[in-house]
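Worksheet: one structure, shown below.
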Amino acid sequence: MIIEEIMNKDVYSLLPSNTVKDAIQLLKEKKIRHLPIVDDQNYVVGIITQHDLKNILPTSLTDDENQVTYDTTLDKIMVKNPLIGHPLDSVEDVALTLYESKISCLPIVTGGKLVGIVTTTDLLYTYIELTGANKPSSKIDIKVTDKPGILSNIAEVFKKHKANVLSVLVYPDSENDHSKILSIRVQIINPLLIIEDLRKEGFHVLWPNLPGIEL
């Protein structure tokens, strides 16, 4: 999946000459937390977040000091030359950029001009939709030996029960370098019969740990 499919295209922005007051009002009015700062040709030159504004507006300021702060232009406080993304970037690459850089949003540009924005919230919603966690379903965690063909063998059990697999995530096993944890979300509410057959086939089902069933 590429970022163009999930980015917010109706992105609000301000100019470097706009003030802190302008930014506060726009964030509040549109109920957003991030504002790309662009020049008069829509090239991204900076970014301002709700967190940035809170940091420069301590509650101890007097009325006169507040007015000076509110009148400060954004070019004085914005993060200049922010990290940016492209509409054709993969969701995974953008998520990694946000994670490694410890930032909460990424302006998306084409030819340097602003065309959208992606936030950590957008990525969270995408993750939920991709894994099927928002649909009636069950999650089954299976500890398996890390070898080719193991997923195909497990899939045969699900096929037998005509169960629709929504997603498969693979995690390292913290206790054994030679095994993996498969987290499989299946579109079925009661997975008991599937779990029983998985165990009959010798698979180690970690979750759900159902009462009365020996692990």
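The values are calculated or read from the model by the stated rules, or taken from the named source; none is laboratory data. Because the structure is predicted, anything quoted here is derived from the model rather than measured. Here Cβ is always computed from backbone atoms with ideal geometry, including for glycine, and neighbour counts include all displayed protein chains. Just so you know, the surface numbers come from the protein's heavy atoms only, side chains and all, with ligands and any DNA or RNA stripped out. Shrake-Rupley method; radii C 1.70, N 1.55, O 1.52, S 1.80 Å.
Identify all residues within segment 150-187 that are of a type in the set (D, E, K, R) and either under 14 Å from residue 140 (Cβ atoms) or open to solvent by 40 Å² or more (accessible area, probe 1.4 Å) (or both); write none if there are none.
Matches in segment 150-187: 156, 159, 160, 162, 175, 177, 180, 185.
Can you give me the ranges of the strands (runs of 3 or more DSSP E) entirely in segment 133-207 with at least 1 residues that are within 26 Å of residue 92 (Cα to Cα) and hydrophobic (A, V, I, L, M, F, W, C)?
Once the strands (runs of 3 or more DSSP E) in segment 133-207 are filtered for at least 1 residues that are within 26 Å of residue 92 (Cα to Cα) and hydrophobic (A, V, I, L, M, F, W, C), what remains is 138-145, 165-172, 179-186.
Find all pairs meeting these conditions: Cβ atoms under 6 angstrom apart; at least six residues apart or on different chains; first residue within segment 20-45 and closer than 21 Å to residue 83 by Cα; second residue in a loop (DSSP other than H, G, I, E, B) and at pLDDT below 95.
Hits for this filter: 43/112.
Among (1) in contact with a Phe, Trp or Tyr (Cβ under 8 Å, 6 or more places away or on another chain); (2) over 30 Å from residue 2 (Cβ atoms), which single condition is residue 147 missing?
(1)
Taking helices (runs of 4 or more DSSP H) that fall entirely within segment 7-88, which contain at least 3 residues that are modelled with pLDDT under 95 and open to solvent by 60 Å² or more (accessible area, probe 1.4 Å)?
The qualifying helices (runs of 4 or more DSSP H) are 50-55, 63-70.
Which residue, of 146, 141, is modelled with pLDDT under 95, surrounded by 13 or more Cβ atoms within 10 Å (Cβ to Cβ) and acidic (Asp, Glu)?
Matching residue, one of 146, 141: 146.
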